[in-house]
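Let me begin by presenting the structure, written as structure tokens, before commenting on it.
The numbers here are math on the coordinates, done by the rules we state, and not lab data. This is a predicted model, so every value here is computed, not measured. Cβ sites come from the backbone with ideal geometry, for glycine too, and all protein chains shown count toward neighbours.
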Amino acid sequence: MYNLILFASGTGTNAAAIMDWCASTGKARVALVVCNKPGAGVLDIAARNGVPTLLVDRELFRSAGFPDTLRGYSPSLLVLAGFLWKVPDAMVQAFPGQIINIHPALLPAYGGKGMYGHHVHEAVIAAGEKSSGITIHYVNEHYDEGDIIMQAHCPVLKSDTPGALAKRIHKLEHYYFPLTIGYLLANLEG
Ligand code: GRF
């Protein structure tokens, strides 16, 4: 059984999809949800699934001892699913090749600081793109620049609003994020 630590601060629909996948496959379990936003929907989702949560402020998140706190949960992967703070270099170094993020566009386009949620979809539509999608990538010391693990595409329709595009992209995320986690865990077995 592999342990996952999820980092999420939004509504937590990806966290829910990952927890459902864990329950249905039995291949992993979410050992902890780390959140930086009191009242975030992901906290309710964790509670409903019996997953412990840790609310962090910047000081704790960046503290030298935090990687050790996380190690206490024996994680195989640290999964960012809607977590906006930059991961400190020390944490990237403490978990080499074990931290992944999902981004709601086809990186390297439409990434970087400030490019999250509706900002991404607004920019994609404003640029007249005909397709968008998701990117699952390793986390390195720079926002949205780590090696890409997988991408999945979807069309951008002429009639799309940022909300409509977000909905289509969420469907891709909920399908492919758990599968990609499963793929990475299978690779740990060699
Ligand atoms: C997702 O769209 C993901 O790509 C981005 O943050 C969003 C989180 O959504 N990194 P949710 O909280 O999982 O619904």
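Brief remarks on what is shown
- For Leu106, the residues whose amide H sits under 5 Å from its own are Gly133, ignoring neighbours fewer than 5 places away on the same chain, with H placed 1.01 Å from N.
- Candidates per trypsin sites (Lys or Arg not before Pro) in the range 146-190, loop by DSSP, up to 13 other Cβ within 10 Å: Lys158
- The ranking of Ser76, Ser132 by Cβ neighbour count inside 10 Å, starting from the fewest, reads Ser76, Ser132.
- Pair Ser74, Arg48: separation of 7 Å Cα→Cβ label points (nm): 2.9 nm
- Separation of the alpha carbons by more than 18 angstrom is noted, of Lys86/Lys167; Lys130/Lys167; Lys130/Lys158; Lys113/Lys171, for Lys86/Lys167; Lys113/Lys171.
- Charge dipole of the range 98-177 (Cα centre as origin; +1 on each Lys and Arg Cβ, -1 on each Asp and Glu Cβ, all else neutral): 380 debye, rounded to the nearest 20.
- With neighbours defined as other Cβ atoms within 10 Å of a residue's Cβ, the residues Glu145, Glu59 order from fewest to most as Glu59, Glu145.
- Residues Thr69, Thr135 arranged by fewest to most Cβ contacts within 10 Å: Thr69, Thr135
- Under Karplus coefficients 6.51, -1.76 and 1.60, residue-wise ³J(HN,Hα) of the range 18-25 in Hz, glycine/proline x: 5, 5, 4, 5, 4, 5, 7, 9
- Each residue of the chain gets 111 Å³ once the volume of the Cα convex hull is shared out per residue.
- Rounded to the nearest whole Hz, the Karplus-based 3J(HN,Hα) values (6.51 cos²θ - 1.76 cosθ + 1.60, θ = phi - 60°) of the range 51-57 follow the sequence 9, x, 10, 9, 8, 10, 9, with x at glycine and proline.
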